[in-house]
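J.: Here's a structure for you.
The values are calculated or read from the model by the stated rules, or taken from the named source; none is laboratory data. Remember, predicted model here, so these are calculated numbers, not experimental data. Neighbour counts are summed over all protein chains in view; Cβ atoms, including those assigned to glycine, are modelled from backbone coordinates with ideal geometry. For accessibility, only protein heavy atoms count, side chains too; no ligands or nucleic acids. Shrake-Rupley method; radii C 1.70, N 1.55, O 1.52, S 1.80 Å.
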Amino acid sequence: MLRFDVLTLFPEMVAPVLAQSILKRAQEKGLLSVQVRNLRDFTTDRHKVADDIPYGGGAGMLMKAEPILRAVDALREEAQSSGEEIRWLFPSPHGCPFTQDYAQQLARERRRMVILCGHYEGVDERVRMALSPEEVSVGDYVLTGGELPALVLIDASARLVPGVLGDPESVVEESFSNSLLEYPHYTRPAVVRGMGVPEVLLSGHHEAIRLWRRKQALRSTYLRRPDLLRDRVLTSEDQRLLNELMSEGVSTMPMRCGEEG
Ligand code: JDE
């Protein structure tokens, strides 16, 4: 069972997402367990203050160290009494990049994983000093807090736990796990606003379908993420399919990403 605790000032940013769809079912099946805990419950003052202004001045608020460290102590005691070990995760733009391999590693984790969600402009540095948590970044941008990254870590790892997805093949075949992008998919009806379905997919010819899909995956990867192709050793089949694409003059598509161009 994959086990997460999320420590957050905003449990309502996290809990409702876990109560939907595949993550909900994974918990019902006993394959995933997530406890969302409110950091405000670990404040000691009457007004339950969890943030404060930075020493030295400057804009914005910081999360106070003590409520977080009290929550950490409570979790440590809880884990100790049940003989569990803890892996501390800290979503942050300063962290190591979260990748599919990283998700795979979390999916195999036997320890309890506690995700500390920072907020505001950051967290008092003494939390890092006391805990040396594993900082993990879900991308090179700044968010308002660690709650969305926490959900990203849980979602990306939970779906890799055997039994969470219906069809185990869908995990193996898809993008990144075999470092090619996906081939195009079609479902009924056969014609949508005048657009048909590639003939081969209706043929029932399994080997032809497999080759078409492989070729389309190579085409899509070549056009959108050529970096993924450069780093891999091609099988002779992939080499042949790529050669076919080249001699067909693989039709290029303009790529527009973010605000560039
Ligand atoms: C995680 N990619 C982005 C943000 C933060 C200035 C403003 C805010 C120390 O904890 C945090 C956590 C977060 C939320 O996570 C992300 C993120 N992967 O934004 C800050 C830091 N500097 C601090």
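J.: Taking Lys215 as the anchor, which aspartates and glutamates have their alpha carbon closer than 16 Å to its alpha carbon, excluding any fewer than eight residues away along the same chain?
T.: Within the straight-line cut-off, Lys215 pairs with Glu173, Glu174, Glu182, Glu199, Glu207, Glu237, Asp238, Glu244, Glu248.
J.: Label points 7 Å out from Cα along the Cβ direction at Asp52 and Gln80: separation in nm?
T.: Going from the Asp52 label point to the Gln80 one covers 2.6 nm.
J.: Also, I was wondering about something else. Over the chain, give the accessible area per residue in Å² for a 1.4 Å probe, as an integer. It would help to have the intermediate numbers written out before the result.
T.: Details: 15780 Å² over 261 residues.
Each residue of the chain exposes 60 Å² on average to a 1.4 Å probe.
J.: Sticking with the crude label model, points 7 Å out along Cα→Cβ, report the distance from Asp231 to Arg70 in nm, one decimal please.
T.: 4.4 nm
J.: Computing the accessible area with a 1.4 Å probe over protein heavy atoms, can you report the carbon and sulfur percentage for the chain? All intermediate terms of the calculation are to be shown ahead of the outcome.
T.: Details: 8300 of 15780 Å².
Accessible surface attributable to carbon and sulfur in the chain totals 53 percent.
J.: Send over the per residue convex hull volume for region 175-247, Cα only, as a whole number of Å³.
T.: Per residue, the Cα convex hull of region 175-247 comes to 116 Å³.
J.: Need the full-extension length gain, Ser33 to Arg188, defined as separation in residues times 0.36 nm minus the C-alpha distance. One decimal, nm. Could you put the intermediate results ahead of the total?
T.: Working: separation 155, 0.36 × 155 = 55.80 nm, distance 3.59 nm.
Full-extension gain reported as 52.2 nm.
J.: Using a Förster radius of 45 Å, what is the FRET efficiency between Arg240 and Glu109 based on their Cβ-Cβ separation? Nearest 0.05, please.
T.: Details: r = 40 Å, r/R0 = 0.89.
After rounding, the FRET efficiency stands at 0.65.
J.: Further, regarding this structure: Run the numbers for Arg128 and Asp41: contour at 0.36 nm per residue of separation, minus the present Cα-Cα distance, in nm. Please report the intermediate quantities before stating the final value.
T.: Details: separation 87, 0.36 × 87 = 31.32 nm, distance 2.06 nm.
Contour length minus Cα-Cα distance gives 29.3 nm.
J.: With n ≥ 4 as the cut-off for DSSP H runs, can you work out [θ] at 222 nm for the chain, using -39500 (n - 2.57) per run divided by the number of residues, rounded to the nearest 500? Write out the running numbers ahead of the final one.
T.: Values: 10 runs with 98 residues, N = 261.
Helices in the chain give a 222 nm mean residue ellipticity of -11000 deg cm²/dmol.
J.: Just Leu242, Leu234, Leu106 to compare: in a GNM of the chain, with alpha carbon springs under 10 Å, which one fluctuates most?
T.: Ranking Leu242, Leu234, Leu106 by mean-square fluctuation puts Leu234 first.
J.: Continuing with this model, one more query. So between Val197 and Tyr120, what do we pick up on full extension, going 0.36 nm a residue minus the alpha carbon distance?
T.: 22.8 nm
J.: Next up: Based only on Cα atoms, what Rg/Rh ratio does the chain have, Rh being taken as Kirkwood's radius? Don't skip to the end; give the middle numbers.
T.: Values: Rg = 23.2 Å, Rh = 21.7 Å.
So for the chain, dividing Rg by the Kirkwood Rh gives 1.07.
J.: Pick out which of Pro162, Pro189, Pro67 has the largest mean-square fluctuation in a Gaussian network model of the chain, springs linking Cα atoms closer than 10 Å.
T.: Of Pro162, Pro189, Pro67, the most mobile in the Gaussian network model is Pro189.
J.: So which lysines can Lys48 reach, going by Cα to Cα under 26 Å and dropping same-chain residues fewer than 8 places off?
T.: Those lysines meeting the cut-off are Lys64.
J.: Let me ask something else. Just Val14, Val152, Val200 to compare: in a GNM of the chain, with alpha carbon springs under 10 Å, which one fluctuates most?
T.: Among Val14, Val152, Val200, the largest mean-square fluctuation in the Gaussian network model of the chain belongs to Val200.
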